[in-house]
Amino acid sequence: MRSLLSLALVLAACGTDSVTRDDDDDPIVEPDVCDTSYLDYDNFGAPFVINWCRGCHSSSVPQAMRQRAPLGVNFDTADDVRTWGAKIAEKTTGMTPTMPPAGGPSADERALLAEWLTCGAR
């Protein structure tokens, strides 16, 4: 029984090289997404936050109109977004996003948001 298990493990390992290789059989290292991301605050972050977040998360929104957004949790600047970045990612991406509460951005837009936040919301 043990030799069958060993044989199965050896056979399972054959041909499972997960490293992409070039024509000379040298490994090709995939670039980190943050090294190639074109997303920044001006071309993605600000428009996203303005469209989907600042209706409630802005210091200029009176408490009665914040739809339960906590006072002080504002995304008025890039620094504000960076400060709250981990919490924003937690609430807006993943399997069950809760923000914005009325639906909001598409899955593709949420993926871009996750990329932008992961890369430091630069």
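Read the figures in this text as sums done on the coordinates, not as results from a lab. Here the structure is a predicted model, which means the values were calculated and not measured. Cβ placement follows ideal geometry from the backbone for every residue including glycine, while neighbour counts extend to all protein chains displayed.
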Electrostatic dipole magnitude of the stretch 40-122 [Cβ: Lys, Arg +1; Asp, Glu -1; Cα centre; debye, to 20]: 340
- prompt: If we sort 76-83, 112-119, 62-69 on the protection proxy, mean other Cβ atoms within 10 Å, highest first, what's the order?
  reply: 112-119, 76-83, 62-69
